[in-house]
Amino acid sequence: MTLGAAATIVFKLLKQPVVLGYIVAGFIASPHFAFLPSVGNEANIEFWAQIGIIVLLFSLGLEFSFKKLINAGGTAIATALIIVMGMMCTGFIVGKSMGFTSVNSIFMGAMLSMSSTTIILKALTDLNMRHRKFVPGVFAVLIVEDLFAVVMMVVLSSIAINQTVEGGEMVRSILKLSFFLIIWFVVGVFVIPTIFRRFRKVISDEMMLVISMGLCFLMAIFSAESGFSLALGAFVMGSILAGTPEAERIERLISPVKDLFGAVFFISVGMMVDPQVIVQYAGTITLLSVVVIVGMIVFGTTGMLATGQSLKIAMESGFSLTQIGEFSFIIATLGTTLDVLDDNVYPIIVTVSVITTFTTPFFIKSALPCYNRVVKLLPERWNVLLEGYSKTVNSDVKSSQRSVWLGIVKRHVIRLVLYSAVIVASIFVLRSYLIPFLNSVFTRLMSPKPAMMLSVSAALLVVSPFFYAITTPKLTRKELKMLNNLNVTGIEMVPRIAMMVVGGMLSMGFITTLLYGFYSSLTAVIVAVVYILAVLLLFSPVLHKQLENLERRFMSNVNERENRRTGKEHNLVSDMHLAYMTVGYDCPFVGERLRNADLRRKYGVNVVDIQRNSIRYPVPTGNMRIFPGDQIGVIGTDEQIQALLPLLEARNAKPETTSEVKFTHFVLSEKSPLVGKRLADARLREDYKSMLVAVERGEDDFISPTPDVVFQAGDKVWIVGDKAKIKKLK
C-alpha cells in the first residue's frame, strides 16, 4: 500500500491514470523486482484481490442501473455487439495463429474486446471533450459492454470448467443466467426499496454502509451457490440498489472501500508482470496492441455507422475506444483462478493494457484530422450514400398501425420473458415446499384426494396473476384509442389473437409441469385447459386488478429514485407533486436565503422541506440558506418542477483547474508596468488574482497597502495569490 501511495502520486504528477501507478507498484512489490523486499504471502493478496473485484463490480453496478441500459437504446446495444463479436473473433484468430489453445484463444478474444470505462472517462475529461456530441454514444456503448462482460464471465467459466466449446452448453449457461438475473432483479426490486422506505429515518451512514456491503456479499455468495461468479452477484446487487433513492448515498459511503480494495486488486495485477515474459513476447505484445487499436477503430466505427450515426461521430467514437482495461484484468484473473490460462498470458495482457492506455489520448485527438482526411479521399458518391443511410435509419416515417402493433408486441415479449421466469421459479417453490406442506396439513382434516386437490388449487391461485399476464397482451388507453382511430377491423386484430394463443400454449405447458407427478398427464392437460378458460372468462376482472397493483408497485420501486426527484409518484391535488431534489455545487441559489431566492414567484413552487445531512427541517423559514448537498422538497406542477430541476441540481461538467496559493515577494525594476501606478489602478485582483500585503521601501520600512500607495522602482512588494499568475506578474 505504501508503494501504491508513492506510485499514484508520481503518476498523478505525470498526468497519467493512477491505475497504471498501482500496476507499477505491484511490479515493484513482486518477486520479479529484486531490489526491494517482496510480498511475503501471495495467497493473502489473491484473497484480498478477489474482494477487490467484488467491491469494484458492486460500485460499477451502482453506476449502471437497468434503466440506464434501456435509455442506452438499440444503437448502443448493436454497436457494442458488433465490437465485442468482432474483437472476440479477431482475438481468437490471432491467439490460434500464435499457437495458443482454443480455450486460451477464447479468453484472449474476450480480454481484447473490453474497452476501459475508467480510462476513457479520464482521457475525455483531461482533454476537455466531455461536451462533444459523440461522447453520450460512447458512454452508452461502454455501459452495454460492461453488461456483456458480466455475461461473458459466466460463459467463459462454463467453457473453462468443461474445457471445450459446446453450443448447447453455452446456450444453457446463457438461459440459466437470464433466468437468475430476472428472478434476482424482480425479488430485489420488490423487497429492498420497501425496506429502505420503512427504515429510512433510522438508518445512519454507518448502518447504511454495513447494510449495503452486507447485501453485496450476500448476493455474491448466493450467486456462487447458484453456479455463477461472486462478481456477478455483486454487480446485480449494485444495479438493484442503483434504482433506489439511496444510491448516491451508498455510492459516497462505499467510495473509500472501493478505492482501497480496488487498489489492492490492481496492485495484484502488477505483481503478475514478469519482465522476462515481456522481453520474450515483445513481438506478441506489439501485435496485440496493434490489434486492439486497429480493431476497436474499425469495429467501433462500423458499429456506429451501421446504427445510423454520421461518419464523423462514428469515427470519433471508434477512435475513443482504443484500449483495454479493468474487465480485461478481471477476465484474466478468472482464467488464472480456474487454472485454464497459460502463465505468460496475464503479463502480456497487462502490458498491452498499459501501452494502449498511454496511446488513448493521442488517438482521441487524432480522430478529427483522420475524419477530414477520409472525407477528402472517399468518392463523393460514398459520402452521399453514408449521409442518406444515416438519415434513413433515423427517420421517423413509419406506418402508424404497424408502429402501434410493434410497440405492443415488443412489450408483450418482455412481459412474457419476465413472467415466465417468475412462473418457473414459483413452480419450483410450489412443488418443493408449498404443495407438500399444504397437503400434509389438509390430510389431517380430510382424505388424501381432496387434500391434494385443495393444495394444488391453492398453488394455482398463487400464480394466477402471472398466468393472466402472459395470456392477455396489455394495451394502454392511448394504444386502444390509436387503433380505434385507425379503424382496425377484426382481421387486423390477428396480432393480439396470436399473442393470446402463444401465451395460452405456454401457460398449458407450465401448468402441466406444475401438476406432473401429482396427477396423470391427461388429467393435467384437462385441468390446464379448464384453468386457463377460468382465468380468461371468470376471474379476468379480479386478476387484472391484482396484476395492475403488482406492476404499479414494481414500476414504482424501479423508478423510485427518478420519481422522488420529479415527484411523479407524489400526487397531491390536481397536477401538483411533491419532488425531492439535491442541490448541486453550481446551483445559482447556493448561499442565498429562501426569501431572496424567491422560488415561489420565479418558478411557482413551494419549498416544504429541507434535509441537511441527517437533520430534517420541515416547512423552513425564509431566513434559511440553501447549501450544496441539501435535499429540498418542493411542491409544484410537472412543468414547474422540470424547469427548476436543472438549476437546483446544476453541476459543472468541466472540472475546476486546481491552483496553488502562494505568499512571495519580488523587487520592482524600472521597466515594471506597476511603477508610477497607484494600487487602486494596478488591477492586481482582476488581472493577476493576487492581493498586495505590504510594500517594503528602504530598510525595514513597511508601507501598509492603501488605494493611494504609488509603486516605485526598487520597492519590494509582498504578494499573496495564484502561483501561476504571480509568476506572470513577476
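None of the figures in this text is laboratory data; all of them are computed from the coordinates on show. All of these numbers come straight from a predicted model, not from anything done at the bench. Cβ: placed from backbone, ideal geometry, glycine included. Neighbour counts: every protein chain shown.
If packing is taken as the mean number of other Cβ atoms within 10 Å per residue, what is the order of 586-597, 444-455, highest first? Mind showing how you got there, number by number?
Values: 586-597: 15.8, 444-455: 13.0.
Order by mean packing, descending: 586-597, 444-455.
Suppose every Lys and Arg Cβ carries +1 and every Asp and Glu Cβ carries -1, with no other charges. What dipole size does the range 41-366 come out with about its Cα centre, to the nearest 20 debye? Don't jump to the answer; show the numbers that get you there.
On the way: 18 positive and 21 negative charges, 251 e Å.
Its charge dipole is roughly 1200 debye.
May I ask you to order 529-542, 317-330, 89-102, 292-305 by the average number of other C-beta atoms within 10 Å around their residues, highest value first? Display every interim value, and only then the final one.
On the way: 529-542: 13.9, 317-330: 26.1, 89-102: 16.9, 292-305: 22.6.
By packing density, highest mean first, the sequence is 317-330, 292-305, 89-102, 529-542.
Roughly what angle does helix 400-429 make with the longest principal axis of the chain, taking Cα atoms, 0 to 90 degrees, to the nearest 10?
The helix 400-429 is inclined about 70 degrees to the chain.
Cα axis of helix 117-126 to longest principal axis of the chain: angle in degrees, 0 to 90, nearest 10?
On a 0 to 90 degree scale, this one is about 30.
Could you sort out which of 602/725; 365/410; 15/725 sit more than 30 Å apart by Cα distance in this structure? Please list the in-between numbers first.
On the way: 602/725 40 Å; 365/410 40 Å; 15/725 21 Å.
Where the Cα-Cα span goes over 30 Å, the pairs concerned are 602/725; 365/410.
Quick one: which of 357-369, 22-34 comes out on top by average Cβ neighbours within 10 Å, and what's the full order, highest first?
Sorting 357-369, 22-34 by mean packing, highest first, produces 22-34, 357-369.
Exposure proxy check: 663, 510 ranked by fewest other beta carbons within 10 Å?
On the way: 663 11, 510 20.
Arranged by neighbour count, lowest to highest, 663, 510 become 663, 510.
Lysine pairs in the range 620-709 with Cα distance under 22 Å, only those 8 or more apart or on different chains: how many are there? Before the final figure, lay out each step's value.
Working: 654/689; 662/689; 671/689; 677/689.
Here the count comes out as 4.
Output the 0 to 90 degree angle, nearest 10, between the alpha-carbon long axis of helix 448-471 and the longest principal axis computed from the alpha carbons of the chain.
That helix lies at roughly 50 degrees to the long axis.
About the Cα centre of the range 661-729, how large is the charge dipole given +1 on each Lys and Arg Cβ and -1 on each Asp and Glu Cβ? Please answer in debye to the nearest 20. Don't skip to the end; give the middle numbers.
Values: 13 positive and 11 negative charges, 101 e Å.
Value, rounded to 20: 480 debye.
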